[in-house]
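I have placed the structure first, in the form of structure tokens, so that the comments after it can refer back to it.
The values are calculated or read from the model by the stated rules, or taken from the named source; none is laboratory data. Just so you know, these numbers come straight off a predicted model, no measurement behind them. Because the Cβ atoms are built from the backbone with ideal geometry, glycine has one as well, and the counts that use them run over all protein chains shown. Quick note on the areas: whole protein, heavy atoms, side chains included, nothing else; ligands and nucleic acids left out. Shrake-Rupley method; radii C 1.70, N 1.55, O 1.52, S 1.80 Å.
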Amino acid sequence: MIPTPTSFEVLPRDLSPYKAGNVGVDYVHRFESGRPGPHVLINALTHGNEFCGMVAACHLLDHGVRPLHGTLTVSFANVAAYESFDPAKPFASRQITHNLNRIWSSDWLDGPQDSVELGRARAMRPVVAAADHILDIHSTSADVVPFWVYPQFERNAAVAMALSQPATHLVMPSGLGSGAPLIQHGRHGEPGHAVSALVAECGQHFKQATADVAVAVALEFLAHFGMIDPIAPAPSARAPRRRFELLRTHVVQQPDFRFTRPLIGFETFAEGELIATDGDQEIRALCDDCTVFMPTREPIVGREGVYLTRPMQ
Ligand SMILES: [Zn+2]
């Protein structure tokens, strides 16, 4: 298991100055250029303890970034979870009840249940639905390289390939497999639309370098769509792209789920090699060079344990 950090380079800041938005939804700020163009959404804090997105969203708002054309929306999603941050339990403030990044299907949004996250998703639903291009900013428990995550539509790959970072891509041919993430809501989850939606996993939750990546990716995303003037590419611009295809998402079934050895992500396994056990179930590599993404730091029944991928040619 990844140890609980004892120092935090980035900590939550008071977001109350950003609460009053201008579209009738708390923590949502929209800027219209008055000129035709795309509607771009930069979203932070889908997970409450992923501070890098908060830093990026504050950067855009504090610097008065305004779109040269089209519409820019900047949002903070799960502020309730964010505000529950406790340095003694820094991973607990990811969510209050539901994972806000798994409930963007009409089954959940129109369903009978309620929670902080379902209420927030319902409030933000028109905000997400209105956006043509979405950057949803995240970070990881483990200190691994930044990477994109996106449904396997060419329109998403085109954006990720055009930006100078992250250089690593996790592509989802048939979705996440454990729920509907924000980037698959509505037309963003369907073929045939001139839209895009990507998650940027910017690095480890509490590192300054992660926040720096989030700011740079947000600015480059805006520049890509002509919302702001072009910006200098990151040093990784010429790094070879590494793309991985999601084969399987394993959701933890039993409290005794455990890996055969400590994992942080990007470890590779030979076909058939045992990666984890979960009750009587064996989780084995599905191919040679089967590469692990986001192994859970603390198995919780009903949450994702590990993502198994295959390097793409
Ligand atoms: Zn996240």
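Observations, loosely collected:
- The range 200-313 - Rg (one decimal) and Dmax (whole number), Cα, Å: 17.5, 56
- Estimated at the nearest 10 Å², the accessible area of Asp86 is 60 Å² with a 1.4 Å probe.
- Amide H partners (placed H, <5 Å) of His39, local residues excluded: Thr71, Asp132, His133
- A Förster radius of 25 Å, combined with the Cβ-Cβ distance separating Lys89 from Ser115, puts the computed FRET efficiency at roughly 0.80.
- Computed [θ] at 222 nm, deg cm²/dmol, the chain (DSSP H ≥ 4; -39,500 (n - 2.57); rounded to nearest 500): -6000 deg cm²/dmol
- Extension gain (nm, one decimal) between Ala237 and Ala129, 0.36 nm per residue minus Cα-Cα: 35.8 nm
- Volume per residue that the Cα convex hull of the range 1-131 spans, once the total is divided by residue count, Å³: 124 Å³
- Counting heavy atoms of the protein chains alone, His47 has an accessible area of about 10 Å² for a 1.4 Å probe.
- Excluding exposed DSSP-loop GluC sites (Glu not before Pro) (at most 16 other C-beta within 10 Å), longest clean stretch of the chain: 84-266
- Candidates Tyr27, Tyr150, Tyr82: whichever shows maximal mean-square fluctuation once the chain is modelled as a Gaussian network with Cα springs under 10 Å: Tyr27
- For the range 85-148, carbon and sulfur atoms together expose 54% of the accessible surface, with a 1.4 angstrom probe and every protein chain in place.
- Global form of the range 56-178, assessed from the alpha-carbon gyration tensor, a/c cut-off 1.5: rounded
- A 1.4 Å probe, protein heavy atoms only, puts the accessible area of Leu109 near 10 Å².
- Using a Förster distance of 41 Å, the FRET efficiency for Leu68-Ser16 (Cβ separation, nearest 0.05): 0.85
- For the chain, a Gaussian network of Cα nodes joined below 10 Å ranks Pro295, Pro191, Pro181 by mean-square fluctuation, and the top entry is Pro191.
- Prolate/oblate/rounded call for the range 173-239, Cα gyration tensor, a/c under 1.5 rounded: oblate
- For the range 187-228 versus the range 28-61, the inter-centroid distance based on Cα atoms is 10 Å.
- Computed over protein heavy atoms with a 1.4 angstrom probe, the accessible surface ordering of Lys89, Lys207, Lys19, largest first, is Lys89, Lys19, Lys207.
- The charge dipole of the range 220-282, taken about its Cα centre with unit charges on the Cβ of Lys, Arg, Asp and Glu (plus for the first two, minus for the last two), comes to roughly 360 debye.
- With 20 Å bins from 0: P(r) over the chain, alpha-carbon pairs, percent: 34, 60, 6
- Neighbour net charge for Ala123 - beta-carbon separation under 15 angstrom, K R +1, D E -1: +1
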